[in-house]
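We did not get these values from a lab; they are worked out from the coordinates using the rules stated. Bear in mind that the values here come from a model prediction, so they are computed numbers and not experimental data. Don't worry about glycine lacking a Cβ; one is built from the backbone with ideal geometry, like all the others, and counts go over all protein chains shown.
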Amino acid sequence: MRPGGRAAAAFAAEHGRAPDSVWSAPGRVNLIGEHTDYNDGFVLPFALPHRTAAAVGRRTDGVLAVATLGEDGVPRRAEPVRIADLAPGGVSGWAAYPAGVAWALRGEGVPLTGADVMLASDVPTGAGLSSSHALECAVALALLDLAGLTPDSEGSPSRDEVARWVQRAENDFVGAPTGLLDQTASLRCASEHVLFLDVRSGHGEQVPFDAARDELAVLVIDTRASHSLSESGYGDRRRGCERAAELLGVPALRDVGVEELPAATDRLPEELRPLVRHVVTENERVLATVAALRAGRLAEVGPLLTASHTSLRDDYRVSCEELDVAVEAALNTGALGARMTGGGFGGSAIALVSTSKLDAVEHAVTEAYAARGFTAPRLFTAVPSAGAGRED
Ligand code: GAF
């Protein structure tokens, strides 16, 4: 059963009544445009078929009571909290994500009278595929629904506003200094398309993406190497970019043109130069990828993906051995391109592979991991799927 059905059934079993509604939101892969979002740049994600569902029922006592369905089908219950008492640092572990969303919505004046929430998910966790944002977006939409608000309809916040609220939950409540890529992807992506998002303006264009038409597939390789954005070097990279922009006298690194790159990097301390080089060239690669997709030349995207990985590995330094081995094994077996996706330091890689070579690439990656004694990777192909929405 899909997460929506499982969440609804578990809610009914737990509370003896049907939920008021069920909302779900997908995880994502980012085709290209990594570590550009907090530099006001360009990203190109698509939604995974994997989703997190939130079944909700109204309460009137101001309490938020959340449970999540384990793989064994047994609900794990978080300590119920009074929404009025929520404050950053007050909730830890997985329960901080739904609590952070309620805290952010409360801060925006959304009237919350309390809620029972049952979560169910098939988004791989800790895989850099945005499971936390899928959870937060599903909870945000479900709580908004209880307050009589449906994003993008008359009198309700837009999906972009909800993305910013979810970002606040993540940054200020959970304590992970992430950008806008993941929430926006989860909320705005559409099936059969990648979302070309200009993070500065919020302008998004749905670009058709049908790899199967060219007998290609996007293979997702979950390295199962640990990935934690709040504890990793993510914040260091982000601060480095902000410092570089300040020294260059621009609002964000987005404002450095590729032709100005040599002169700009000359003006910076040694350690900031590779960060700027990555961000500026990555934005260019997103634009080149979009141009190739618009022209129907999907195969041209392969080398751009690989160049992105090289830049993330050598300049931005957010890759790791497991990601590099996956990318190298895929490329050596004939993938058109491959790269890490998401924040890095573990998590997942993607490879653009001809369908005739899929088995060989999967085998090569699995063998390369076994030879190095790494935990076996999880592999699946993914097509752009629907963004967040109501389940029933
Ligand atoms: C993580 C963050 F959450 C995103 O905001 C983004 O910065 C990404 O890493 C890197 O592109 O997924």
Unique residue being within 16 Å of the ligand (Cβ to nearest atom) and either under 26 Å from the mean Cα position of the chain (by Cα) or of a type outside the set (K, R) (or both) when the list is G240, G296: G240
Filter result for A382 (out of contact with any helix residue (DSSP H, G or I) (no Cβ under 8 Å at 6 or more places or on another chain) and not basic (K, R)): yes
Among the candidates A140, A134, A169, residue that is touching a residue at least 24 places away in the same chain (Cβ under 8 Å) and away from the ligand (no atom under 14 Å from the Cβ): A140
Qualifying strands (runs of 3 or more DSSP E) (wholly inside region 21-130; at least 3 residues being more than 14 Å from the ligand (Cβ to nearest atom) and within 30 Å of Y316 (Cβ to Cβ)): 45-58
Of residues in region 110-141 being more than 16 Å from the chain's Cα centre (by Cα) and surrounded by fewer than 24 Cβ atoms within 10 Å (Cβ to Cβ), the one nearest to A349 (Cα to Cα): D116
P251 over 21 Å from the mean Cα position of the chain (by Cα) and without any contact (Cβ under 8 Å) to a residue 60 or more places away in the chain: no
Output for region 145-155, where each listed residue is touching a helix residue (DSSP H, G or I) at 6+ places or on another chain (Cβ under 7 Å) and surrounded by 17 or more Cβ atoms within 10 Å (Cβ to Cβ): P151
Failed criterion for K357 (all others in (1) among the charged types (D, E, K, R); (2) surrounded by 15 or more Cβ atoms within 10 Å (Cβ to Cβ); (3) within 22 Å of Q206 (Cβ to Cβ) hold): (3)
Hits in region 40-64 - residues which are closer than 21 Å to G16 by Cα and surrounded by 20 or more Cβ atoms within 10 Å (Cβ to Cβ): A53, A54, A55, V56, G57, L64
Candidate set from region 175-212 (those that are touching a Ser or Thr at 6+ places or on another chain (Cβ under 7 Å) and farther than 25 Å from A295 by Cα); member that is nearest to the ligand (Cβ to nearest atom): D182
Of residues in region 50-109 being of a type in the set (D, E) and under 30 Å from A190 (Cβ atoms), the one nearest to the chain's Cα centre (by Cα): E71
